[in-house]
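Peer 1: Take a look at this one; I'll ask things after.
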Amino acid sequence: MGKIDHDAVLRARVLLLGSGRPSLLEQVHAYRTLAEVSPKAYLPKLVDALLSTSYRSRDVEVELALITEAVEAARRIEAGAPTRAERLCRALDAYQRSLFALGRRAEGRAACEEMAGAGRSGRLANILAEEGRFREAAELNEKAARNGIPEHSFWNMVEWAANLEGAGLHDEAAAVFRELLDESRRGAADQRTSLAIFTWELVHYSRMREAAGHGADATAIRREALTVLEELATTGDPRNPSCVLSWWVTLFALSGRADEPAASAESPMPPFGTNLRWTNDTRDAFLGTLPELEARAAGLRDAGRLPELVDVQRRIIIRAALRKGDDPRQFAERFTPYFDEGVALARRLPDDPARLARALTDRSMFLVAARTFEPAYADFAEAVVLLDIA
C-alpha cells in the first residue's frame, strides 16, 4: 500500500455521509480511495459501484475498463469473505461478456475458467460446447448436476445430454435424457408437467435413439408420443403454461446440429441444447449465414435439386426459430409458411419417406407449440406410418 492521502480519505467519507446522494461516478471515486484504507468494508462496495457504472456506459472500451477494475477489486476481497465468490463471479461474468463482444475469445474463455474455479461452471460449459469440446462440457454439466443443481431441470438435463451426444457418448446421453423423460412422465400423469413439453421430449428422445442405431427403441417412443398427442388432440393440455416456446426452440434447433459444420475453436457453433446461452460472436456468425443459405436454396430450387433443397430449407427454418421462435406475438402466422413449405417440398420426393417424415414431425411439433393439436396429431400419425414402413 502506498502513502495514504488522508485529505482524500476525509473527503470521501464526507461525500458518502452527506445528506445528498452521490452519483455513481462519485461513489466509484470515493470507494477507490476508502478501499485502500479499509479494504474489508469498501472493496465489495467498489465492485458493485464499478459494475453499476459499467452497465450505463455506451463506450465499449470504457465499459471494459470499469469491469476489469471490478474484477481486480473482487479478487482483492479477503478470501473466505461471505460475498467474495458471488461478487467475483458477477464481475467475471460481465468481464467475459465484454471480451466476447469485442472478439477477444481466448481472454473470455480464461475468465469463464476462473468463474468455474469460483463455483460457477455453466458459462464455461457453454463456451467449450461452442468450440466442439463436448466431453469436457459434459463433465462440467455432470459436476454441476451432482452439486445441488436441480437434478431433473429441463435446461440442465437437455444441455448435459446434448454435450454427451456431441461427444459420441450416445448411451450415456440417452441415460441422462431418460431421467428427464421419466420425471416428465410422472409429472404428466399427475398434471404437474405440460403434455406439450412431454411430447417434445418424447419426440426428441426418439430421434436420439434413431441416430444411435436403436430403431426399436425409437419406434416405441414414437408410439408413446403419438398416444400423448392423441390425448392433446382429444382433451387439450390440462397444463397451459404461458412461456413454453423456448422449450420447443431448444429441442428443434438441437435436432439440426448434425446438419451443421463441426464446431471448433477457430469456427465456433452455437451450444445446441441450451436456451440461447451462446456468445454474441457465435450468435452473430450463425444467424449471419441466413442470407447465404437463402441464396443457396434459390439456386437449388432453380436447379430442381429437391433433396438438397429440403435440407437447406430446414436449416433456414431453424435459424428463423432461433431468432424469433420464443416470441409469442403472431407466432403461428410467422412460422406456418416455413413448415408448410417444408412439408410440400418433401412430398415431391415420393421415394424418400424419411425426409417427408422429418418434415411432418417438424411441423407437428411446431403445431403443438402453436397449440393446434388436432393437425399436429394428424401430421405425426402420418410420420409414424412412414417411419414404420421405411
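The values are calculated or read from the model by the stated rules, or taken from the named source; none is laboratory data. Worth saying up front: this structure is predicted, and the values here are computed from it rather than measured. Don't worry about glycine lacking a Cβ; one is built from the backbone with ideal geometry, like all the others, and counts go over all protein chains shown.
Peer 1: Going by the structure shown, is LEU300 of a type in the set (A, V, I, L, M), in a helix (DSSP H, G or I), under 23 Å from LEU251 (Cα atoms) and touching a helix residue (DSSP H, G or I) at 6+ places or on another chain (Cβ under 8 Å)?
Peer 2: Taking the combined requirement at face value, the residue does not satisfy it.
Peer 1: Select, from LEU64, LEU46, LEU34, LEU51, the only residue that is assigned to a helix (DSSP H, G or I), touching a residue at least 40 places away in the same chain (Cβ under 8 Å) and surrounded by 15 or more Cβ atoms within 10 Å (Cβ to Cβ).
Peer 2: Criteria check complete, one pass: LEU51.
Peer 1: Then there is this: Can you find even one residue in segment 324-334 that is touching a helix residue (DSSP H, G or I) at 6+ places or on another chain (Cβ under 6 Å) and under 30 Å from ARG97 (Cα atoms)?
Peer 2: There is at least one residue in segment 324-334 that is touching a helix residue (DSSP H, G or I) at 6+ places or on another chain (Cβ under 6 Å) and under 30 Å from ARG97 (Cα atoms).
Peer 1: Being more than 24 Å from GLU210 (Cα to Cα), surrounded by fewer than 18 Cβ atoms within 10 Å (Cβ to Cβ) and not β-branched (Val, Ile, Thr) is the requirement here; does GLU294 meet it?
Peer 2: Spelling it out, GLU294 is indeed more than 24 Å from GLU210 (Cα to Cα), surrounded by fewer than 18 Cβ atoms within 10 Å (Cβ to Cβ) and not β-branched (Val, Ile, Thr).
Peer 1: With respect to LEU202, determine if the residue is free of Cβ contacts under 8 Å to residues at least 60 places away in the same chain and under 20 Å from the mean Cα position of the chain (by Cα).
Peer 2: The answer is yes for LEU202.
Peer 1: If you don't mind, another one. Hey, can you tell me all the residues within segment 339-377 that are surrounded by fewer than 16 Cβ atoms within 10 Å (Cβ to Cβ), under 22 Å from GLU231 (Cα atoms) and either without any contact (Cβ under 8 Å) to a residue 40 or more places away in the chain or not assigned by TED's automatic domain parsing to the domain that holds GLY325 (or both)?
Peer 2: Matches in segment 339-377: PRO375 only.
Peer 1: Starting from segment 158-185, take each residue that is in the same structural domain as GLY213 (by TED's automatic domain parsing) and free of Cβ contacts under 8 Å to residues at least 24 places away in the same chain and list its partners that are in a helix (DSSP H, G or I) and surrounded by fewer than 17 Cβ atoms within 10 Å (Cβ to Cβ), counting only C-beta distances under 6 angstrom and pairs at least six apart or across chains.
Peer 2: Cβ pairs passing all conditions: none.
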